[in-house]
Amino acid sequence: MLARVADSCFWLSRYIERAETNARILDVNMQLMLDFEDQNPNMLHQHWQPVLATLEDQELFSKHHEKITPDSVMEFVTFEKKNPNAIISCIAGARENARTVREQISSEMWEQLNRTFLYLRDGMARADFQDSPIDFYRGLVDKLHAFQGTSDATMIHGEGWDFLQLGKYVERADSTSRVLDIKYHILLPSGEQVGGHVDITQWMAVLRSCSALEAYLKTNVGEVSSWQVAEFLILHGEFPRSIRFCANQLNNALHSISGCEAGYFSNEAERLCGMLRSNLNYTTIGAIFEAGLHQFLDQTQVHLNDIAMAITETYCNWMDE
Amino acid sequence: MNRLFKEYEIGDFFDEMFAAPGVVRPHYQRLARRFSEMADGEFDRKRLLAEKSYLNQGITFTVYSGDEGTERIFPFDLIPRIIPANEWEHIERGLIQRLTALNLFLHDVYHGQRIIKEKIIPEEIVRSAKHFRPEFMGFDVPKNIYIHICGTDLIRDRNGVYTVLEDNGRCPSGVSYVLENRQAMKRVFPKLFARYQVRPVDRYAQDLLGVLRYVAPHEDPEPTVVVLTPGIYNSAYFEHSFLARSMGIEIVTGSDLVVKDSRVFMKTTKGLRQVDVIYRRIDDDFIDPTVFRKDSVLGVPGIIEAYRRGNVNLANAIGTGVADDKVTYYYVPKMIKFYLGEEPILPNVETYLTSDETDRKFILENLDKLVVKAANESGGYGMLIGPCSTKEEIEKFRAAILADPRGYIAQPVVLLSRSPSYCEGTAEARHIDLRPYILCGEKTSIIPGGLTRVALRKGSLVVNSSQGGGSKDTWVIDENGEPELASPSQSQSQSQSQGPAQAQRQSQSQSQVH
């Protein structure tokens, strides 16, 4: 497979995943806001600021908007073309990459993605958003899920597919760590207790942002605590958005590309991924909290960046010649 | 007669569908019946359906204005053009004859130049052609095929005679629309297809791949073939990727390729992989910055050296532009006689050369009545249509001709045939042409039909997509049409499977006679 094509598959997939994460975070935050009765500007600022912090978009945001309001944040993260991480930019980026690898992906995948792009570009999306932001974000997530399903059902599960998996799971692991970290940025209103009503609502929102609430409740019947939510989203072996699950999938795809035997490594990306994987396989949530959850998530993000760079270096570095 | 054609005007042109007002030609009758069965609004719904499907599939070309390129769909007219079997057979023989002669001409012009020595074409014409590549004198291309893919533009004059307007022997585009238009028509008019025996077009990609493999530099049973594109910002990128997908081969940009030891490789995730044949959709000028334009960032440094050494083949060959030059065009009928000893089956449009003193005098006196074309422009650019131009424009061309007598040709305004096109609720006559796609490999084959381009602007004679043109599906059917429309030169028969290798031998034996 062409090095450029591998790179495009990787990024195509990352952009799709990133758009989905954004849509989900905005959806949940919108719902969470409606749960609180007090909607004075100060509260709203406190409520929406963590979204920007999670997505690391604060600096650019302040160039375009004076105040953090629900509308300004949603506009910025959804439709603002000047924001490279906005949903519309991610979908445009995914499509641009897909255009260069159309002979790799199936026509069905391309059409699904292209329809989503046209929906966002033309007036339809805006009209849906104005009718109901929550329905709009859910509809968008559905469209992106349809892309994943179409990919699974119509594309050869070969090398191109493996690069799509790499992009998807690097980005997804990163997203989950960021969503989890959002809680770090949210300040509990004064007078509220850790483990109190508001705290629990916030942790449930974190789960919802990862489509994890139902799955979580099956595993931890009737209980929501910071400890258990973090354990579920970081260490669960079978939940498809947990960081450990993503690391294992990442590892599988890497070994499928190189043909290197499991348990060994043949390049830097495999070595780094193997380390991340074994770290997640052999740690406990107790150890993570002891070292500090925020620090752990930060390190994980750095580790994922290193893996992504190593993938580019190993397979796509012809591009820099 | 149905509403669609109620106010249809034939005008003073050859009309593809109507022999006289209200009289439908036999091969269009089932089409007219089907359209008359249509309910109110059905045609519009079908049109929107087709447009939507083009948009969703991303079958678009990019138009640049300002700093942001926008993607547009190529306007598609739902009323098909129908070519009966006997007319198509005539066209096919004519095109095969013409391409055979052009390939013989290219071989000759880059070797012995017999055609110059025998004073059929002046040396000056060849030497001054912008795309003549004297660096390739004496260079042998695999199987002696220069133009592997040719798009020859045909028009029908007022009497319905198929006439050659120009040859495109460099990177002819548009074939993807032939295939996609057919898909769209099948979706919206399934019943109509059932009523006609329309010859299928979907073998094109496999035939193209067959040609590309046939011209591999070494007798390799599994040569690696790729499509080379300038990139996604090229207006024809959709087509490049479409063809790569349909052939199941890689599409590469210049930066995906690298030349080492005069061999061309692509950069893959598993290291370098050698490439044998490149279907390049980049012009000569941009293909190798070490040989041609130094500022090209689209090309592959060193690729020409690899080509010279016979380690890679390019389709089309380097230097084919000397054959589709508009001045060379004038000489093609002479070439056909010279190399094949045959009368041209498809005539040229009457053409005057500004380089010829008598012609030039005539041209300059009649600029307001003629069409003047720059010899090396394409896409409808660099053209003066005398009767539709202002005095200023005419004077501009007069000065240009005097400054560069080699640079132009002139033709009478050709009254292109017309065909009904759908325009806001009714059918109106619009001018059309036809670009068939000819593939030259082990044998020469032509995709049945080709791209019918329509000048959608009322009264316009320019069918190029950059100038407001659209396209329609082109059906070659198994039944014959009106016999009187076939050309008088039908007695000239030639085996359709004749490839250039055979033709080559033929011309050599002819040269002994001379």
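Where only DSSP H runs of four or more residues are counted, the protein assembly as shown gives -15000 deg cm²/dmol as its mean residue ellipticity at 222 nm, each run worth -39500 (n - 2.57). Please grab the % of Cα pairs in segment A:259-321 that end up more than 15 Å from each other. Within segment A:259-321, distances greater than 15 Å cover 59 percent of Cα pairs.
For segment A:42-195, the share of alpha carbon pairs falling in successive 10 Å distance bins from zero is 9, 33, 34, 18, 5, 1 percent. Using only alpha-carbon positions in segment B:365-465, the gyration tensor eigenvalues give semi-axes of 29, 22, 10 Å once each is multiplied by 5 and square-rooted (largest first). Over the C-alpha atoms of segment A:50-133, the Rg to Rh ratio, Rh being the Kirkwood estimate, stands at 1.04. Sparsely packed loop sites in segment A:205-282 (the GluC sites (Glu not before Pro) outside DSSP H, G, I, E and B with at most 13 other Cβ atoms within 10 Å) comprise A:GLU223, A:GLU238, A:GLU261. For the chain pair A and B, the buried solvent-accessible surface (1.4 Å probe, both sides summed) amounts to about 2400 Å². When nucleic acids and ligands are ignored and a 1.4 Å probe is applied, B:ASP12 ends up with an accessible area of around 100 Å².
What are the trypsin sites (Lys or Arg not before Pro) within segment A:52-107 that DSSP puts in a loop, where the Cβ has at most 14 other Cβ atoms within 10 Å? Counting only loop positions with at most 14 other Cβ atoms within 10 Å, the trypsin sites (Lys or Arg not before Pro) in segment A:52-107 are A:LYS67, A:LYS81, A:LYS82.
Per-residue SASA remark: A:VAL77, around 0 Å² accessible (1.4 Å probe; ligands, DNA and RNA not included).
Given axes a ≥ b ≥ c from the Cα gyration tensor, I'd like to know whether segment A:119-264 is rounded (a/c under 1.5), prolate (a/b larger than b/c) or oblate. Because a/c hits 1.5 or more and a/b fails to exceed b/c, segment A:119-264 counts as oblate. Stokes-Einstein, applied to the Kirkwood radius of chain B over Cα pairs at a viscosity of 0.890 mPa s and 25 °C, places its translational diffusion at 102 µm² s⁻¹. Distance cut-off 21 Å, Cα to Cα: go down the list B:LYS130/B:LYS373; B:LYS6/B:LYS52; B:LYS326/B:LYS391; B:LYS326/B:LYS443 and report the pairs above it. B:LYS6/B:LYS52; B:LYS326/B:LYS391; B:LYS326/B:LYS443, as the Cα separations exceed 21 Å there.
Only loop residues by DSSP count here, and only those with at most 16 other Cβ atoms within 10 Å; note down the chymotrypsin sites (Phe, Trp or Tyr not before Pro) in segment A:33-141 that meet that.
Answer in residue order: A:PHE36, A:PHE79.
Ranked from largest, the principal axis spans of the Cα set of segment A:30-88 equal 33, 20, 17 Å. If R0 is taken as 25 Å, the Cβ-Cβ distance between B:LYS130 and B:ASP368 corresponds to a FRET efficiency of 0.35. Short to long, the 10 Å bins of the Cα pair-distance histogram for segment B:211-349 hold 11, 36, 29, 18, 5, 0 percent of all pairs. Binning all Cα-Cα separations of segment B:104-191 at 5 Å, short to long from zero, yields these whole-percent fractions: 3, 10, 14, 15, 16, 14, 11, 6, 5, 4, 3, 0.
Beta bridges from DSSP with both residues in chain B: antiparallel share about 75 percent, rounded to the nearest 5. Local charge for B:ARG293 was computed over the other residues whose Cβ lies under 10 Å away, with Lys and Arg +1 and Asp and Glu -1, and equals -4. Considering all C-alpha pairs of chain A, those separated by over 27 Å amount to 45%. Of B:GLU428, A:GLU290, B:GLU37, the residue with the largest accessible area leads and the full order is A:GLU290, B:GLU37, B:GLU428 (1.4 Å probe). When only the Cβ of Lys, Arg, Asp and Glu is charged (+1, +1, -1, -1), the dipole of the protein assembly as shown relative to its Cα centre reaches about 2160 debye. Counting only Cβ charges, +1 for Lys and Arg and -1 for Asp and Glu, the dipole size of segment B:88-211 around its Cα centre is about 540 debye. Normalised by 2.2 N^0.38 Å, where N counts its residues, the alpha-carbon radius of gyration of the protein assembly as shown equals 1.13.
Per residue, how large is the accessible surface of segment A:126-186? Use a 1.4 angstrom probe and give square angstrom.
For segment A:126-186, the solvent-accessible area averages 38 Å² per residue.
Summing Cβ point charges (Lys, Arg +1; Asp, Glu -1) relative to the Cα centre of chain A gives a dipole of roughly 360 debye.
Could you report segment B:249-328's accessible area per residue, 1.4 Å probe, as an integer in Å²?
Details: 2610 Å² over 80 residues.
Ligands and nucleic acids excluded, the figure is 33 Å² per residue.
The values are calculated or read from the model by the stated rules, or taken from the named source; none is laboratory data. Please read all numbers here as calculations on a predicted model, not as lab measurements. Neighbour counts run over all protein chains shown; Cβ positions are idealised from the backbone, glycine included. Just so you know, the surface numbers come from the protein's heavy atoms only, side chains and all, with ligands and any DNA or RNA stripped out. Shrake-Rupley method; radii C 1.70, N 1.55, O 1.52, S 1.80 Å.
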